[in-house]
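Structure first, then comments.
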Amino acid sequence: MRDCQIHQSNAGGSMDKIQWPRYDRINGSGPCRPLVYYLGKGRFFMPQSRQVLAFDFGASSGRAMLGSFDGNTISIREIHRFSNDPETIGPGYYWDIVRLYQEIKAGLAKAREAGEFQSLGIDTWGVDYGLIDGKGNLMGLPRHYRDGRNEDAARQAASVIPVEELYRRTGIQNAVFNTIYQLQADKESQPYLLEHACRLLLLPDLFGYLLTGEACTEYSHASTTGLLDVNTRDWDYELIDRLGYPRRLFGTVRPSGTPLGALRPELCQELMLPPVQVISVAGHDTASAVAAVPSSEPDTVYISCGTWSLFGTELDAPNTSPEAMAGSFTNEGGYGGKIRFLKNIMGLWLIQQSRRHWNRTGAGYTYDQLEQLAREFPPFQSLIDVDDPVFFPPGDIPVRVQEFCRKTGQPVPETVGQIMRCLYDSIALKYRWSLDTLRSLTGRAYTAIHMVGGGIKDELLSQLAADVCGVKVIAGPVEATVIGNIAVQLIAAGAIPDIRAAREIIGRSFEVKTFRPSSDPVYQAAYQQYQRLLKR
């Protein structure tokens, strides 16, 4: 097993505070007028056309998309989509990593048929990992972050590292699914794994290793583990030692955008591909999505809206204050060494699981139908705390919603439409709570929210977010995670000068829609009702 070597480029990124070069676009855009950027000190930059491949893995599905850059705008095309179906095996809940690797190969084959591409990048959800033994072999299927074993492990680890100290050191929101606790579960229930493992690879790095044979640890994903020093951006080895985890598991942390290596020769032969380069993009899916937020303002609030709603902003330095911990804000890594200061909100997971429950009975609801049913009922009749632990496990979310409302003395939603209305209203109100908390923690006003990701196809949620938060919502692009993946590859190749230029290009390449807030006092009254609910 070879460790990757960092390759410096004009845009490889740095763990230090980024000093962006001043640049100006000096001519107009258009199909016949390529961009030229003035970088200062007599230096000019002309973007270069390039085609790259992005793999984006979500908790329920994945896809491969080709990104084409013509020197002026980016376009994307889906070439392969597949389900992601975790498996319960005995008492464990696992990711089917073998099938997912086969889907990557299927995507590569389809990409070859669709045309030439110069590189590929992979992003996934955070915290989960595979273990590699001394001979370079994968030691079993990676566990799912929703595996029930994590709760006991979190309590055991907290007896060694109090959660307050852990937050000061790592800046990561305390959650039972964090890598730190999953390793504790391995240590307690399967100690032979850690005894014989040579390397821990987070999922994008694991896929990169399977494709190239190069083992690398990318910064944005490493930051989700609860084991990375939030200030040095390197592993907290003192913390690792106290927990009894072998140091050898943790490889050198590399900046987002580092070239990893070429596809294995045997894979190139099997798929009839040239030795395409794999780039360690911002491998955490939210980091990729944030890279694609088309805003040039320094104070930007974003919501990456998918299975989870990630609500936050970018900072140059972490905030590990007691107030940030009390607000459950986390400090995760972003492209260019930035800190993604955000709160994880239980988002569309609630709607996805409710739809799955109803459709098991043969209902066959689409998401559009569920949104329309919600619109038929008046808002704010019943509310839930979407982040209550009762809603975390998979299963019958509608019944849990009803039980929550019953216990808190609210009207119990009975119909599908009433339950959906409750979910939409409650998610939007948690956005407002998060916005107020973020303003308090940073001292900044934040007059707009940028929503990106698949959830913005649901216009009811985007409009509710604007109405409840009392600020305009700029929604788009929908495919932010893929676009951010593509943008980092383009920067790594030198086709685009930096992230600021990439965001400008993204802003004119993809549709965005603005939702303006209502002045109806019903929204402020609903928020006061929600605040009382959270204090119960």
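Points to keep in mind about this one:
- Filtered residue count, region 333-351, keeping only those that are over 21 Å from Pro389 (Cβ atoms) and either part of a helix (DSSP H, G or I) or open to solvent by 10 Å² or more (accessible area, probe 1.4 Å) (or both): 4
- Test: residue in region 358-370 that is touching a Phe, Trp or Tyr at 6+ places or on another chain (Cβ under 8 Å), more than 29 Å from Gly395 (Cα to Cα) and modelled with pLDDT of 95 or more: no
- Hits in region 201-237 - residues which are over 25 Å from Pro318 (Cα atoms) and of a type in the set (A, V, I, L, M): Leu206, Leu210, Leu211, Ala215
- Residue pairs meeting the criteria (Cβ under 6 Å; at least 6 apart or on separate chains; first aromatic (Phe, Trp, Tyr), in region 167-195; second in a helix (DSSP H, G or I) and open to solvent by 40 Å² or more (accessible area, probe 1.4 Å)): Tyr167/Met325
- Residue match in region 411-418 (condition: touching a helix residue (DSSP H, G or I) at 6+ places or on another chain (Cβ under 6 Å), crowded, with 22+ Cβ neighbours inside 10 Å, outside any loop (DSSP other than H, G, I, E, B) and in contact (Cβ under 8 Å) with a residue 12 or more places away in the chain): no
One line per residue, one yes/no per condition, for (1) under 20 Å from the mean Cα position of the chain (by Cα); (2) closer than 27 Å to Phe404 by Cα; (3) not acidic (Asp, Glu):
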position	(1), (2), (3)
Ser462	yes, yes, yes
Asp467	no, yes, no
Gln489	yes, no, yes
Gly494	no, no, yes
Arg503	yes, no, yes
Ile506	yes, no, yes
Gln528	no, yes, yes
Leu534	no, yes, yes
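Conditions tested, residue by residue: (1) at negative phi; (2) open to solvent by 20 Å² or more (accessible area, probe 1.4 Å); (3) of a type in the set (D, E, K, R).
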position: Leu131; (1), (2), (3): yes, no, no
position: Gly136; (1), (2), (3): no, no, no
position: Gly140; (1), (2), (3): no, yes, no
position: Arg149; (1), (2), (3): yes, yes, yes
position: Ala154; (1), (2), (3): yes, no, no
position: Ala185; (1), (2), (3): yes, no, no
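- When every residue of region 79-95 is checked against the conditions, at least one turns out to be acidic (Asp, Glu), within 23 Å of the chain's Cα centre (by Cα) and surrounded by fewer than 18 Cβ atoms within 10 Å (Cβ to Cβ).
- All positions within region 370-402 that are touching a strand residue (DSSP E or B) at 6+ places or on another chain (Cβ under 6 Å) and under 15 Å from Arg356 (Cα atoms): Phe391
- The set of residues in region 441-491 that are open to solvent by 10 Å² or more (accessible area, probe 1.4 Å), touching a Gly at 6+ places or on another chain (Cβ under 8 Å) and part of a helix (DSSP H, G or I) comprises Leu441, Gly454, Ile456, Thr481.
- The residue list Thr300, Thr320 contains one member that is under 13 Å from Thr442 (Cα atoms), open to solvent by 30 Å² or more (accessible area, probe 1.4 Å) and touching a residue at least 60 places away in the same chain (Cβ under 8 Å), which is Thr320.
- Output for region 249-273, where each listed residue is among the basic types (Lys, Arg) and closer than 19 Å to Leu138 by Cα: Arg264
- Residue in region 151-158 that is more than 22 Å from Ser309 (Cα to Cα), touching a residue at least 12 places away in the same chain (Cβ under 8 Å), touching a Leu at 6+ places or on another chain (Cβ under 8 Å) and not in a helix (DSSP H, G or I) present: no
- Residue within region 391-404 that is within 25 Å of Phe341 (Cα to Cα) and assigned to a helix (DSSP H, G or I) present: yes
- Per the listing Ala114, Ala158, Ala109, the residue uniquely within 23 Å of Ile486 (Cβ to Cβ), modelled with pLDDT under 95 and either aromatic (Phe, Trp, Tyr) or open to solvent by 10 Å² or more (accessible area, probe 1.4 Å) (or both) is Ala114.
- Residue match in region 55-67 (condition: of a type in the set (Asp, Glu) and open to solvent by 30 Å² or more (accessible area, probe 1.4 Å)): no
- Region 427-439, subset surrounded by fewer than 24 Cβ atoms within 10 Å (Cβ to Cβ) and in contact with a helix residue (DSSP H, G or I) (Cβ under 8 Å, 6 or more places away or on another chain), residue nearest to Arg149 (Cα to Cα): Trp433
- Options Tyr219, Tyr237; residue that is out of contact with any Asp or Glu (no Cβ under 8 Å at 6 or more places or on another chain), among the aromatic types (Phe, Trp, Tyr), over 22 Å from Tyr101 (Cα atoms) and open to solvent by less than 10 Å² (accessible area, probe 1.4 Å): Tyr219
- Val512 vs. criteria closer than 25 Å to Tyr37 by Cα and open to solvent by 30 Å² or more (accessible area, probe 1.4 Å): yes
- When region 53-72 is filtered for residues that are polar (S, T, N, Q) and at pLDDT 95 or above, only Ser68 remains.
- Exactly one residue out of Leu166, Leu210, Leu206 is part of a helix (DSSP H, G or I), closer than 20 Å to Leu100 by Cβ and open to solvent by 10 Å² or more (accessible area, probe 1.4 Å), and it is Leu210.
- Total residues in region 352-389, condition under 22 Å from Ser61 (Cβ atoms), open to solvent by 50 Å² or more (accessible area, probe 1.4 Å) and of a type in the set (Phe, Trp, Tyr): 2
The values are calculated or read from the model by the stated rules, or taken from the named source; none is laboratory data. Values in this document were obtained by computation on a predicted structure and should not be read as measured data. We place every Cβ from the backbone using ideal geometry, glycine too, and count neighbours over all the protein chains shown. Ligands, DNA and RNA are excluded from the accessible area calculation, which covers all protein heavy atoms including side chains. Shrake-Rupley method; radii C 1.70, N 1.55, O 1.52, S 1.80 Å.
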